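A.B. asks: Sharing a structure, written as structure tokens. Questions coming.
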Amino acid sequence: MTIIAPSLLSANFLHLEKDCKMIHSSEAEWFHLDIMDGRFVPNISYGPMIVDFIRKTTTKCLDVHLMIEEPEKYAEAFKKAGADNLTVHIEACTHLHRNIQQIKSLDMKAGVALNPHTPVESLKDILHEIDLVCLMSVNPGFGGQSFIPHTLQKIKTLRKMITDAGLSVLIEIDGGVTTANAASIKEAGADVLVAGNTVFGSANPTETIKQLMIAG
């Protein structure tokens with residue numbers, strides 16, 4: 001069954017508790033939390049304090065996506081705040097294996113994210129060490145962008161890499177996911193769909209989450 005991970009970046013922060021409770025009571029299994037530092041991406045979002053508040057609203061998985069430089073400086077803070085998964089960008093990590101070791105030592109699931117221009121083949125020597133791959137299907141930094149079609153081929157290539165290696169790494173797709181393209185993304189081999197505007201911009205977010213789950 002596909003995991004749906006609503007992105008809190010698109011939530012109404014004046015009513016954050018309400019939106020968190022909505023996700024908690026929905027069929028979504030994960031909360032996707034985008035952390036931006038204004039350096040790695042041209043936007044600033046929120047930090048460990050907000051993650052800590054969100055943790056108090058749910059027992060579901062907090063899927064924290066670090067779109068930041070020097071993620072090793074903040075891994076412990078996000079663990080303390082309640083992160084279950086911690087994903088770092090391959091483009092931001094000079095010593096990626098060390099970053100993954102740190103995340104695992106803190107008893108979190110470790111993920112690696114790739115920007116649209118980064119080939120999945122760059123994961124060859126780290127794939128056996130990680131729990132998930134987050135493929136950016138838009139250029140990171142802002143919500144509301146359109147899905148980049150080439151991502152479907154990247155999903156298929158990555159799925160083959162994982163299968164051929166006999167691994168159980170999850171493929172997560174982040175950016176431009178809608179009820180219209182969810183089926184094709186799943187068919188290509190994705191396990192986790194991150195959806196922000198599609199969920200929070202809909203008239204019935206709970207029903208939209210359900211539609212994303214059953215698409216295809």
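A.B. asks: Between a residue in the stretch 147-169 that is among the aliphatic types (A, V, I, L, M) and any residue that is surrounded by fewer than 16 Cβ atoms within 10 Å (Cβ to Cβ) and modelled with pLDDT of 95 or more, which pairs come within a Cβ distance under 6 Å, given they are 6 or more apart or on different chains?
C.D. replies: Qualifying pairs under 6 Å: 148/116.
A.B. asks: Separate question: Would you tally the residues in the stretch 58-73 being under 25 Å from residue 173 (Cβ atoms) and more than 16 Å from the chain's Cα centre (by Cα)?
C.D. replies: The number of residues fulfilling the criteria is 3.
A.B. asks: Follow-up. Would you check if residue 186 is crowded, with 17+ Cβ neighbours inside 10 Å, within 15 Å of residue 133 (Cα to Cα) and of a type in the set (D, E, K, R)?
C.D. replies: Yes; evaluated as a whole, the condition is true for this residue.
A.B. asks: Would you please list the contacts, defined by Cβ atoms under 8 Å and residues six or more apart or on different chains, that run from a residue in the stretch 29-52 that is farther than 11 Å from residue 65 by Cβ to a residue that is in a loop (DSSP other than H, G, I, E, B) and of a type in the set (Asp, Glu)?
C.D. replies: 37/69; 39/69; 40/69
A.B. asks: Step by step: first the residues of the stretch 24-57, then only those that are of a type in the set (A, V, I, L, M) and over 15 Å from the mean Cα position of the chain (by Cα), then the one that is surrounded by the most Cβ atoms within 10 Å (Cβ to Cβ). Which residue is that?
C.D. replies: 54
A.B. asks: Among the residues in the stretch 86-103, are any hydroxyl-bearing (Ser, Thr, Tyr), crowded, with 17+ Cβ neighbours inside 10 Å and closer than 14 Å to residue 130 by Cβ?
C.D. replies: yes
A.B. asks: In the stretch 81-111, what count of residues is obtained for those that are closer than 20 Å to residue 140 by Cβ and assigned to a helix (DSSP H, G or I)?
C.D. replies: 7
A.B. asks: While we're on this one: Residue 71 - would you say it is touching a helix residue (DSSP H, G or I) at 6+ places or on another chain (Cβ under 8 Å) and not small (Gly, Ala, Ser)?
C.D. replies: yes
A.B. asks: I'm trying to understand the selection: among the residues of the stretch 1-33, which are assigned to a helix (DSSP H, G or I) and aliphatic (A, V, I, L, M)?
C.D. replies: Once the filter is applied, which keeps residues that are assigned to a helix (DSSP H, G or I) and aliphatic (A, V, I, L, M), the stretch 1-33 yields 8, 9, 14, 16, 22, 23.
The values are calculated or read from the model by the stated rules, or taken from the named source; none is laboratory data. Not measured: the values here are computed from a predicted model. Glycine gets a Cβ as well: all are built from the backbone with ideal geometry, and neighbour counts include every protein chain shown.
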